[in-house]
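Mind having a look at this structure? Questions to follow.
The values are calculated or read from the model by the stated rules, or taken from the named source; none is laboratory data. These figures come from a predicted structure and were not determined experimentally. Every residue, glycine among them, receives a Cβ derived from its backbone with ideal geometry; neighbour counts consider all protein chains shown.
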Amino acid sequence: MTKNPWTIIDQESVYENEWIELLHHNVLNPSGGKGIYGKVHFKNLAIGIIPLDENMNTWIVGQYRFPLNRYSWEIPEGGGSLGTEPQVSAERELKEEVGLIAKRYKKILTMHLSNSVSDEYGIVYLARDLQQGIATPEESEDLVVKKITFSKVFEMVMNEEITDSLSVAGILKLKLLIDKGEI
């Protein structure tokens, strides 16, 4: 079924900043009943990068995540402007957070991160042929960078030590590609 069964009666912007807009919709649901729907509109792409060296090592980033009120281990990730080529944003984020420069990028995953309440869209890249540079995190980022084996980062996903959706999906997809011999 590809036809939209929802009817928007009206909508109101409830909150907005430079990253998101919260919209309130009065709707007719697919059965024709009146209802409401809240939507978080994201003004950037979610960009994730899995750097992988020739020895199957990768880098993860640890930081305290305000919305979760807890510490989180993740792949290097951040926002990419909708007007910028996503790979350019991936290159910037990898250099900024980890200090790595990659000669090769391969898009391995696209996904909607929480499609029941938001339109956030994410892309994960595999970065290869790495050179170490100097990280320059943003002022709001208090990061810990850890170099570990890819097998260990996969274990962290399986043990629920990594729970960030873009990280989990990207790591699992890369594991499948490796197991299939495509990487």
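Taking the options I75, I108, I60, I101, name whichever one is modelled with pLDDT of 95 or more, more than 24 Å from K39 (Cα to Cα) and touching a Ser or Thr at 6+ places or on another chain (Cβ under 6 Å). Write out each step before concluding.
Numbers: I108 fails: touching a Ser or Thr at 6+ places or on another chain (Cβ under 6 Å); I60 fails: touching a Ser or Thr at 6+ places or on another chain (Cβ under 6 Å); I101 fails: touching a Ser or Thr at 6+ places or on another chain (Cβ under 6 Å).
None of the other options fit; the residue is I75.
Moving on to the next point. Within the set of pairs 6 or more residues apart or between chains, which connect a residue that is within 15 Å of E97 (Cβ to Cβ) inside the range 134-162 to a residue that is among the β-branched types (V, I, T) and in a helix (DSSP H, G or I) with Cβ atoms less than 8 Å apart?
A135/V98; V145/V98
Could you grab me the full set of residues in the range 1-21 that are assigned to a strand (DSSP E or B) and loosely packed, with under 10 Cβ neighbours inside 10 Å? Quick ask: steps written out before the conclusion?
If we filter the range 1-21 for residues that are assigned to a strand (DSSP E or B), which is where we start, we get 7-16, 20-21.
Listed by number, the residues that qualify are D10, E12.
At least 2 residues that are closer than 22 Å to L100 by Cα and in contact with a Leu (Cβ under 8 Å, 6 or more places away or on another chain) in each: list the strands (runs of 3 or more DSSP E) lying fully within the range 32-71 that qualify.
Details: elements: 34-42, 44-51, 57-65.
Once the strands (runs of 3 or more DSSP E) in the range 32-71 are filtered for at least 2 residues that are closer than 22 Å to L100 by Cα and in contact with a Leu (Cβ under 8 Å, 6 or more places away or on another chain), what remains is 44-51, 57-65.
Select from the range 82-116 the residues that are over 16 Å from N44 (Cα atoms) and among the hydrophobic types (A, V, I, L, M, F, W, C) and write down the one among them that is surrounded by the most Cβ atoms within 10 Å (Cβ to Cβ).
By that ranking, first place goes to L94.
Could you count how many residues in the range 22-40 are surrounded by fewer than 14 Cβ atoms within 10 Å (Cβ to Cβ) and under 30 Å from E91 (Cβ atoms)?
0
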